[in-house]
Every structure is written in C-alpha cells, then in structure tokens.
C-alpha cells in the first residue's frame, strides 16, 4: 500500500484514485484523469463531491485550466525517477495558472527529490510500495537553504538574508 506524506506527516489517503473513464465511482473524493474531468465536468462536479485530477508528468494543463477553481487536488504522475517534467508542470500550475489546491506527486516518487518537489509547489507525496517513510521525511529537510528562489519563496538568497547577517531582509 502506498504511503502518503502530506506536508511533513504521514497520513491516510481518503481520496479514491480512478485510473480511467470507465471506473468513475460515486465516492465523495475522487481523483480522475484530466481528460475525464474536462469531458464530464457537468456530471462529476457538484453536490458535495470533491474532485481531483491526475496528469502525466509530460502533460499540458490546457484542458483543465478552466476548471482549476473547482479542482481540489491535482496529482502529477512521475513515470520514472529521472523524469523531471512533472516538476516543470507543478511550477506552471502554481505560478502561471495560480492553482492553490493540493498538488500531489504520484508514481515513481523518490526520497532524493522530495525537497525539490516541495520547492516546485508540491504539498503531498505518495511514495511507492517499499519506500521507507522515515527516510522520506528526513529527506524533506536534507537542505536548509537555497540560493535560488522557488515557487514557495521566489526571493533569491541575497534578497532573503542580509550580507554578514542571519537576519532576513525586507522584500524589495
């Protein structure tokens, strides 16, 4: 059973993951393929239902842009450890399209990339079977600071910290 890390805690996953259009269930919290959400929006959104969508890491978010204010969660599937296109997709969703809901990494999510994923805007991480959650939680804190800005703090280090001081500077 995959392990879900939300923020910095291991939590139970109460979302139902739908792999394709034929599986759409009546559950209150479902994650459907982006194409299904776009095609069946009038029938699946509404009532007391929370809808999430999943996208492959190489997808373009164009088909769901008009639905972003109704989508509670977007899961981005990483097909392999060395495929970082999902990181770029996360940055696009956060910065260009202003998505404020939960952003979840699924698929081949590796502990070594969790701190990068978080800096790109991911809130939660679904670890594949066999991964050690303690190692993953520790990996979130493997680096204490960064030179570059990110989705979570766009200011570069020289804007965050005054030279010769550990006091944060004011945003310019």
Could you tell me the relative contact order of the chain? Use alpha-carbon pairs under 8 Å, at least six residues apart, and round to a whole percent. 18
Can you bin the stretch 3-91 into rounded, prolate or oblate? Criterion: square roots of the alpha carbon gyration tensor eigenvalues sorted a ≥ b ≥ c, rounded for a/c under 1.5, prolate for a/b above b/c, oblate for the rest. oblate
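Summing -39500 (n - 2.57) over the DSSP H runs of n ≥ 4 in the chain and dividing by its residue number, what mean residue ellipticity at 222 nm do you reach, to the nearest 500 deg cm²/dmol? Present the calculation step by step, with values, prior to reporting the outcome.
Numbers: 6 runs with 34 residues, N = 172.
Helices in the chain give a 222 nm mean residue ellipticity of -4500 deg cm²/dmol.
Provide the percentage of antiparallel DSSP beta bridges, counting only those with both residues in the chain; round to the nearest 5.
Working: 8 of 29 bridges.
The antiparallel fraction comes to roughly 30 percent.
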Percent RCO, i.e. relative contact order, over the stretch 1-100, from Cα pairs under 8 Å lying at least 6 residues apart: 19
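Just so you know, all these numbers are worked out from the coordinates, no wet-lab data involved. All figures in this text were calculated on a predicted structure; none of them were measured in a lab.
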